[in-house]
Amino acid sequence: MAYILGIESSCDDTSAAILKSDQILANLIANQTIHRTYGGVVPELASRAHQQSIVPVVDAALKEAGLTVEDLNAIAFTRGPGLLGSLLVGASFAKSMSLALDIPLIEVNHLDGHILSHFIKENDESPVPEFPHLCLLISGGHTQIVLVKNPFDTEIIGQTIDDAAGEAFDKSAKIMNLGYPGGPVIDRLAKDGNPNAFVFAEPKISGYDYSFSGLKTSILYSIRDHLKQDSEFIEKNKNDLCASIQHTIVKILMQKLCLAAKDLNIKTVTIGGGVSANSAMRSAMIETGKKLGWTTFIPPFQYTTDNAAMIAIAGYFKYLNQEFCKLDAIPFARA
Ligand code: KG4
Ligand code: ZN
């Protein structure tokens, strides 16, 4: 048994979580709302907000878990990819704590965290995916189909050649002036819309790779043309536009995932990352899974967008392997 503290600070969420081995005791996230004013994450502001939040968030996580720092057995932190200034805050904090408490430090790749989030257990009975399985990792920065052979042997078999799925949501929302981040807004407005009201261009790209930049252009031109006829077009068709955009993104994501699962003959399929919070994406996974006989794993909402519990579970796997890192581990911005 080990108590692992996880720290995540790669973008605009400051998060601390505590696991008792693979079971969750606390997972707290301080969201930075300041970026909404600017329509996107401002790195310098993110880094400053992390500095303000990190101590209270870790303290609150320990309290929620009913532990003190002396109980901790290891500290796992996100080393990258992400915003350097943001990563530095979490990394420096984790290093100081590991040094002060004389306990091991574990570096975690943010993407491994999303992929391994399915192994966080609420209790002993929680089912977990078997190996190998396929994970569709869909976030604001990445879109990948990953063959997961074991916790740390993963192979990217397809990925986006331009925008990530989360960016497709965010950029579409920006075109419609719906605010940032756009994914959750589109999801909400789409609930009262017709997914077949508008048709947008779908990419024609071979293999398991994705592309979303053509879709963005198609949405932009279509809306621009309609606005020439009716200046209130967006306002009048907001729900239908969101439902149609969401439907198209989910369709594109599912097509390649199904192809990969079929070709590799893999029936355990998971999704992870911020876009796995999307309600249409979750329904598509359940329906497709039933039709194709998959065992599907869809993360609970608190483990979809960035969170420290996923860093702690990835850290726990490394803890079992005694894979610790030195104090001079430098954060990295790109995968
Ligand atoms: O994994 P994440 O929190 O951060 C990265 O690692 O990038 O993902 C953030 C992305 C954003 O693009 C956001 O718009 C999207 O996830 N997102 C959603 C939803 N919730 C978050 N996209 C669609 N529907 C949602 N409900
Ligand atoms: Zn993420």
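A few comments on the model shown:
- The stretch 123-143: number of residues that are open to solvent by 50 Å² or more (accessible area, probe 1.4 Å) and either touching an Asp or Glu at 6+ places or on another chain (Cβ under 6 Å) or within 16 Å of P81 (Cβ to Cβ) (or both): 1
- Scanning the stretch 155-193 for residues that are part of a loop (DSSP other than H, G, I, E, B), under 22 Å from E235 (Cα atoms) and open to solvent by 70 Å² or more (accessible area, probe 1.4 Å) returns N177, K191, D192.
- Filter result for A94 (buried (at least 17 other Cβ atoms within 10 Å of the Cβ) and farther than 18 Å from R282 by Cα): yes
- Among the residues of the stretch 254-269, the ones that are in a loop (DSSP other than H, G, I, E, B) and not aliphatic (A, V, I, L, M) come to 2 in all.
- Among residues of the stretch 272-295, those that are within 14 Å of I252 (Cβ to Cβ) and within 15 Å of the chain's Cα centre (by Cα), counted: 3
Per-residue answers, yes or no, for (1) within 18 Å of Q144 (Cβ to Cβ); (2) outside any loop (DSSP other than H, G, I, E, B):
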| residue | (1), (2) |
| --- | --- |
| A197 | no, no |
| G214 | no, yes |
| I219 | no, yes |
| E235 | no, yes |
| I252 | yes, yes |
| V275 | yes, yes |
| T305 | yes, no |
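- Residue among E155, E130, E125 that alone is at pLDDT below 95 and more than 16 Å from ligand 2 (Cβ to nearest atom): E125
- For first residues located in the stretch 179-191 and closer than 15 Å to A165 by Cα and near ligand 1 (Cβ under 8 Å from one of its atoms), partners that are among the aliphatic types (A, V, I, L, M) and in a helix (DSSP H, G or I) and lie 6+ apart or on another chain with Cβ distances below 7 Å form the pairs G182/A173; G183/V275; I186/A173; I186/I245.
- Contacts under 8 angstrom Cβ, first residue in the stretch 45-64 being closer than 15 Å to T78 by Cα, partner open to solvent by 40 Å² or more (accessible area, probe 1.4 Å), 6 or more apart: S47/L83; S47/L88; I54/F93; V58/F93
- Number of the exception - V146 against (1) surrounded by fewer than 24 Cβ atoms within 10 Å (Cβ to Cβ); (2) of a type outside the set (D, E); (3) closer than 19 Å to I311 by Cβ; (4) within 16 Å of ligand 2 (Cβ to nearest atom): (1)
- Any chance I120 is under 21 Å from L320 (Cβ atoms), more than 16 Å from ligand 2 (Cβ to nearest atom), crowded, with 22+ Cβ neighbours inside 10 Å and of a type in the set (V, I, T): no
- Scope the stretch 1-48; condition farther than 20 Å from A65 by Cα, among the basic types (K, R) and either touching a helix residue (DSSP H, G or I) at 6+ places or on another chain (Cβ under 8 Å) or away from ligand 1 (no atom under 14 Å from the Cβ) (or both); matching residues: R48
- Only residues that are of a type in the set (A, V, I, L, M, F, W, C) and out of contact with any helix residue (DSSP H, G or I) (no Cβ under 7 Å at 6 or more places or on another chain) were counted in the stretch 262-291, giving 4.
- Enumeration of residues in the stretch 311-335 that are of a type in the set (G, A, S) and assigned by TED's automatic domain parsing to the domain that holds G80: A312, A314, G315
- One residue stands out in the stretch 1-15 among those that are outside any strand (DSSP E or B) and more than 16 Å from ligand 2 (Cβ to nearest atom): the one that is most open to solvent (accessible area, probe 1.4 Å), namely M1.
- All positions within the stretch 277-295 that are assigned to a loop (DSSP other than H, G, I, E, B), surrounded by 13 or more Cβ atoms within 10 Å (Cβ to Cβ) and away from ligand 2 (no atom under 16 Å from the Cβ): W294
- Among residues of the stretch 69-90, those that are under 13 Å from I54 (Cβ atoms), buried (at least 23 other Cβ atoms within 10 Å of the Cβ) and out of contact with any His (no Cβ under 8 Å at 6 or more places or on another chain), counted: 3
- The conditions of being away from ligand 2 (no atom under 16 Å from the Cβ) and among the hydroxyl-bearing types (S, T, Y) are met by T248.
- Residues satisfying the stated conditions in the stretch 221-233, i.e. in a helix (DSSP H, G or I) and among the small types (G, A, S): S222
The values are calculated or read from the model by the stated rules, or taken from the named source; none is laboratory data. Model, not experiment: these values are computed from the prediction. All Cβ positions, even for glycine, are placed from backbone atoms using ideal geometry, and neighbour counts span all protein chains on display. Just the protein is used for accessible areas: all its heavy atoms, side chains included, with ligands, DNA and RNA removed. Shrake-Rupley method; radii C 1.70, N 1.55, O 1.52, S 1.80 Å.
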